Structure formats: C-alpha cells, structure tokens
Amino acid sequence: MELSQDTRNILGLQLPTDPRWVDLARISLQEILTDHAFCEQKAATSCITLVQRYSDKTDLVKALSPIVTEEWGHFRLVLAELHKRGLSLGRQRKDEYVNALLGFQQKGGHWEGRMLDQLLTMALIEARSCERFKRLSEGLQDEYLQQFYRRFMESEAGHYSLFIELAETYLDKERVRKRWKEWLAFEATVMQELVVRGDRIH
C-alpha cells in the first residue's frame, strides 16, 4: 500500500519503501520483532549519548531525557509481544542502513556541525521508522499488530519532529534546512542500494 504524497511530504522522505518489504515482513515475524526491539534499545542509548555529549545544552537534555524512558518502554513492549507469541528475542544484527547514515556524518570540524548531523541522523531514522511502521499497520493481516504498529508510527512521527526542532533551537534554521535536504538526498541513495529484506525494520 502506497503512502499518500502528503504523508511522504510531511516526513520529507524522497523514496518510499519498496512494497515487497511488507510482504516479506509478514513471513518473518520473529525476525522483524527482534530487529524492532533492538532498534528501540539503540534509540534509547543514542539519546543517552547525546545527553552526555551535550550536557550543557539545557533544552536538549530536558527534551531527550523523557525520550530515553519512552524508547526503553518501547523495547519492553516489543519484548513482551515476542514472549506473548511464544517467540524469543534473537540476536542483534548489523544495521546496514544506520551504518550508512553514520558514515555520512561530519566527523571533524566545529562541534555545531557534528551536533547538527547527529540530530539529523536521529530525525531521519525516526522518519523512516515512522514510514515503515505505517506500512506494517496497513499491510499486516493480524489486526492486533496493525494497531500495535500504528501506535509506534505515531510516536516516531513525534520524535522525528523533535530532533528537527532541537537542531533549529541551537543552529540557524536555514543551515538546518540546507543540511536536511542533503541528508534526504543521501538517504534516498542508501534506500536504492539496500537489498529489500523482511527481517529488518530498516
């Protein structure tokens, strides 16, 4: 099922997920839930890292502290769903999508550029997760899981907006928007190059 153009515009994503992804995810439920659980865990630890790295940024610390709790709560929800279905948490796998994004981050130079890229990386991961969860909420046959993933979709949309807002809190908005366009273009090339797999959220 295709996302509406309005939804893609809101998220900013240039390339929609291949429709085959949901079909593959339907037959890889344990793997997709396992990968989802670890995605939530990594989101929590990434927020902790940002708080530690930029502890002098009061607005950032205040905004991300509750997100840490929320993301860890999401990990527990997915873990409970696995156990409810008699499934176990598998092993964490290499996330080629996230690793590609990390490779695009500014590594040296002024701290503002590094912080901007770190926040935009998080925003992009949340945006793509939101789009993927929307597809699961519309494409899975299990009605309970449809609602399960709709709630996650709504949460990720809020997180995506928050990371963009934090970037604009500390940096010039035009600079943020220019760099965001570069990130969106890069992410589209990453999506084109990745093999479509149903056992990964990204």
- Taking only Cα atoms and a 10 Å spring cutoff, compute GNM fluctuations for the chain and point out the largest among 56, 142, 23. 56
- Item | Translational diffusion coefficient (Stokes-Einstein; Kirkwood radius from C-alpha pairs) of the chain at 4 °C, 1.567 mPa s, in µm²/s | 75 µm²/s
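Dividing the alpha-carbon radius of gyration of region 90-202 by 2.2 N^0.38 Å (N being the number of residues), what value is obtained? Walk me through the intermediate numbers first.
Numbers: Rg = 15.4 Å, N = 113, 2.2 N^0.38 = 13.3 Å.
That works out to 1.16 for region 90-202.
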- Task: Go ahead and estimate [θ] at 222 nm for the chain from helices alone: -39,500 (n - 2.57) per DSSP H run with n ≥ 4, summed, over the residue count, rounded to 500.
- Result: -26000 deg cm²/dmol
- Query: After finding the eigenvalues of the alpha carbon gyration tensor for region 12-64, what semi-axes result from the square roots of 5 times each, listed largest first in whole Å?
  - Reply: 33, 16, 6
- Angle in degrees between helix 58-84 and the longest Cα principal axis of the chain, rounded to the nearest 10: 10 degrees
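Only the coordinates and a few stated rules stand behind these numbers; no lab work does. A quick note: this is a predicted structure, and the numbers were derived from the prediction, not measured.
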